[in-house]
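Participant: The structure that follows is given in the form of structure tokens.
Each value in this text was obtained by applying a stated rule to the coordinates, not by laboratory testing. A quick note: this is a predicted structure, and the numbers were derived from the prediction, not measured. Cβ placement follows ideal geometry from the backbone for every residue including glycine, while neighbour counts extend to all protein chains displayed.
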Amino acid sequence: MSRKITVLLGSPRRNGNSETLAVSFIEGAAKAGYKAEMIRTNGLKIGGCIDCRRCWTNRTHCFLNDDMKEVYASIDASDVITFVAPLYFYSWPAQIKPVWDRLLPYFSPNSRMDVSGRSTVLIATAGDNDDRCFDGLKKSFELACNYAKWKIAGELLVHGVHEANAVSSREEILKQAFEMGENLKSQ
Ligand SMILES: Cc1cc2nc3c(=O)[nH]c(=O)nc-3n(C[C@H](O)[C@H](O)[C@H](O)COP(=O)(O)O)c2cc1C
């Protein structure tokens, strides 16, 4: 039976660098027997967590009635959760940050939705020529994964790509994204 990946794509740019890498990653993962569901978070209505802790009391997904429902359904059914995002002001773009915050229901002490032990992947792109631009995002991702008890199955952080199609001509990077997907077979 094929295994499933949720790919959360946080870029607002159609066919931009993040999406191009996501597509290569998904192709590699398909070779490893994974079926991907790509969710373009730009344009979805996903509000921020309002810290009511109703999810902890009721042991359910967030009661806010918005497009996060689609993300919860996909994550619940996935073996691998992948975050793909452009770097915005050295951090997550607003299109994907609320998804992180709305993961809170999974981390209640008595949660009925256990996602610990899942694998996760980060793919990020940035215009800066210095790879230290990713220090904050990488740290945020790694600390959050440690908290979530998720296994990091790959990180691809691509700097020096500004124009929307900059990564398309970087064969070696597209190959890395593909191979990261393909390597999921060992997960
Ligand atoms: C609002 C905004 C903030 C950005 N902030 C940064 C940044 O802090 N560091 C950086 O290196 N690039 C930054 N960039 C550039 C993007 O990360 C870069 O163009 C990336 O390749 C976009 O990926 P995409 O084509 O998938 O949207 C920013 C771009 C925008 C629109």
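Participant: If the range 32-116 were replaced by its equivalent ellipsoid, with semi-axes equal to the square roots of 5 times the Cα gyration tensor eigenvalues, what would those be, largest first, whole Å?
Facilitator: Its equivalent ellipsoid spans semi-axes of 21, 18, 12 Å.
Participant: Aspartates and glutamates near residue 149 by alpha-carbon distance under 19 Å, same-chain residues fewer than 8 away left out - which ones?
Facilitator: Of all the aspartates and glutamates, those that pass the test against residue 149 - Cα under 19 Å, at least 8 places apart if same chain - are 76, 79, 101, 114.
Participant: Write down the radius of gyration of the range 3-186 and its Dmax, each obtained from C-alpha positions, in Å.
Facilitator: In Å, with Rg to one decimal and Dmax whole: 15.9, 50.
Participant: Another question about this same structure. Mind telling me which of 171, 19, 155 comes out most flexible in a GNM of the chain, alpha-carbon contacts under 10 Å?
Facilitator: Taking springs between Cα atoms under 10 Å, the residue moving most is 171.
Participant: Would you please give the FRET efficiency between residue 90 and residue 144, computed as 1/(1 + (r/R0)^6) with r the Cβ-Cβ distance and R0 = 25 Å, to the nearest 0.05?
Facilitator: Here the calculated transfer efficiency is 0.95.
Participant: Provide the per-residue ³J(HN,Hα) series for the range 154-167, in order, calculated from phi with Karplus coefficients 6.51, -1.76, 1.60 and θ = phi - 60°, each as a whole number of Hz, with x at glycine and proline positions.
Facilitator: Ordered by residue, 3J(HN,Hα) equals x, 9, 10, 10, 10, 9, x, 10, 10, 5, 4, 9, 4, 7 Hz.
Participant: Also, I was wondering about something else. For residue 38, what residues show an amide H to amide H distance below 5 Å, using hydrogens built from the backbone and excluding near sequence neighbours?
Facilitator: 7
Participant: Follow-up. Would you mind checking 97/185; 31/69; 4/97; 45/138 for any pair whose Cα atoms are more than 24 angstrom apart? Walk me through the numbers on the way to the answer.
Facilitator: Working: 97/185 28 Å; 31/69 29 Å; 4/97 22 Å; 45/138 26 Å.
Distance filter (> 24 Å) returns 97/185; 31/69; 45/138.
Participant: List every residue whose amide H lies under 5 Å from the amide H of residue 125, counting only residues 5 or more places away in sequence or on a different chain, with H placed 1.01 Å from N in the peptide plane.
Facilitator: Placed amide hydrogens put 85, 87, 158 under 5 Å from residue 125.
Participant: Which distance in Å, rounded to a whole number, links the C-alpha centroids of the range 1-27 and the range 153-187?
Facilitator: Taking the Cα centre of each part, the range 1-27 and the range 153-187 sit 10 Å apart.
Participant: Next question. Show me the ranking of peptides 156-162, 146-152, 119-125 by mean Cβ neighbours inside 10 Å, starting with the highest.
Facilitator: So the order, starting with the most tightly packed, is 119-125, 156-162, 146-152.
Participant: For the modelled label position 7 Å from the Cα of residue 129 along Cα-to-Cβ, which residues of the range 58-94 have backbone nitrogen atoms closer than 15 Å?
Facilitator: Label zone hits: none.
Participant: Another question about this same structure. Nearest-5 percent of antiparallel DSSP beta bridges in the range 3-186?
Facilitator: Here the share of antiparallel DSSP bridges comes out near 5 percent.
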